[in-house]
Amino acid sequence: MLQVPARCAGATGAVWETGGVDETTQVFRPTSGRWLAGTVAALAAFGLVSLVVEGEPAEVLRYGSVLVLVAALVWAAYWLPAVEVSAAGVTLRNVLRTVELPWPSIQRIDTRYALTLVTAYGTYSAWAAPAPGNRRSHRETPAAELRGLPETTYGAGGSVRPGDLPSSPSGAAAAIVRRRWEELRDAGHLDDPRLERPTPRTTWHRGTLTVLGVLTVATVVALLAVHQP
């Protein structure tokens, strides 16, 4: 199914996409990270073209791998990561691996440093949903956006932590996860949680690891060659 972008209410630089497996599945990717990855890729491509047009073949071999490695690292860190929320649970697609966490396993949602799910399997953080810096203030968020959030968002006296602000990547992602989790909890589906697996389903990104490994070796060899007589 074709994915349709939908910007989260109050979220800056954070987009949820609906579609994929079914219409209830939502995929979160921070727009700022994708812009960064695209910009770096464009600069790397420009650098490669410049080397090919103006440089010697040796220079292309020496410095081309550096440019490609930088682009690959930024792609892995800022384009690939995502948070997927579906009827089955929450899937965290991070830089090097993807972890699938079913709803019955999730015990608590935290946002101190990033969207973090405390589960029966352990604690897992989402690279795609970092919390804002300590300087982030509630003054930057309209009071209206702090109302109507999932009940587990609020602390003592109705306080909202910086990581839960709906205008932050962590807060935008946490709001969707908490809302779905609370709906299941209130319906009684999480009263007697039973897990089908002793550990969460984890998929290592072998392709990413292979590409980054090969490019790293090629870059080291190329840089060492620069110092050869």
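Exactly one condition in (1) within 21 Å of residue 27 (Cβ to Cβ); (2) touching a Gly at 6+ places or on another chain (Cβ under 7 Å) is not met by residue 161; state its number.
Condition (1) is where residue 161 drops out.
Over 20 Å from residue 211 (Cα atoms) and either of a type in the set (A, V, I, L, M, F, W, C) or at pLDDT below 95 (or both), is that true of residue 125?
no
Scanning region 24-61 for residues that are closer than 20 Å to residue 222 by Cα and among the β-branched types (Val, Ile, Thr), which turns out farthest from the chain's Cα centre (by Cα)?
Residue satisfying both the conditions and the ranking: 53.
Name the residue that is surrounded by the most Cβ atoms within 10 Å (Cβ to Cβ), counting only residues in region 59-75 that are in contact (Cβ under 8 Å) with a residue 60 or more places away in the chain and hydrophobic (A, V, I, L, M, F, W, C).
Filtering region 59-75 for residues that are in contact (Cβ under 8 Å) with a residue 60 or more places away in the chain and hydrophobic (A, V, I, L, M, F, W, C), the one surrounded by the most Cβ atoms within 10 Å (Cβ to Cβ) comes out as 69.
Assuming residue 152 fulfils every condition listed in (1) under 23 Å from the mean Cα position of the chain (by Cα); (2) part of a helix (DSSP H, G or I); (3) at pLDDT 90 or above apart from one, which condition is it?
Residue 152 satisfies every listed condition except (3).
Would you confirm whether any residue within region 181-193 is touching a residue at least 60 places away in the same chain (Cβ under 8 Å) and of a type in the set (D, E, K, R)?
No, the conditions are met nowhere in region 181-193.
Of all residues in region 35-58, count the ones that are closer than 24 Å to residue 93 by Cβ and surrounded by 17 or more Cβ atoms within 10 Å (Cβ to Cβ).
Residues meeting the conditions: 4.
Yes/no per residue for (1) hydroxyl-bearing (Ser, Thr, Tyr); (2) at positive phi; (3) surrounded by fewer than 19 Cβ atoms within 10 Å (Cβ to Cβ):
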residue	(1), (2), (3)
158	no, yes, yes
163	no, no, no
171	no, no, no
179	no, no, yes
201	no, no, yes
204	no, no, yes
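Could you figure out which of (1) more than 30 Å from residue 225 (Cβ to Cβ); (2) buried (at least 20 other Cβ atoms within 10 Å of the Cβ); (3) in contact with a helix residue (DSSP H, G or I) (Cβ under 9 Å, 6 or more places away or on another chain); (4) at pLDDT 90 or above isn't true of residue 87?
Single failed check for residue 87: (2).
Can you tell me how many residues in region 172-219 are modelled with pLDDT of 90 or more, assigned to a helix (DSSP H, G or I) and over 20 Å from residue 86 (Cβ atoms)?
12
I'd like the full set of residues that are over 15 Å from residue 101 (Cβ atoms) and over 27 Å from the mean Cα position of the chain (by Cα), limited to region 190-218.
Restricting attention to region 190-218, the residues satisfying the condition of being over 15 Å from residue 101 (Cβ atoms) are 191-192, 204-218.
Within region 190-218, 191, 192, 218 qualify.
The values are calculated or read from the model by the stated rules, or taken from the named source; none is laboratory data. These figures come from a predicted structure and were not determined experimentally. As a convention, Cβ positions derive from the backbone with ideal geometry for all residues, glycine included, and neighbour counts pool all protein chains shown.
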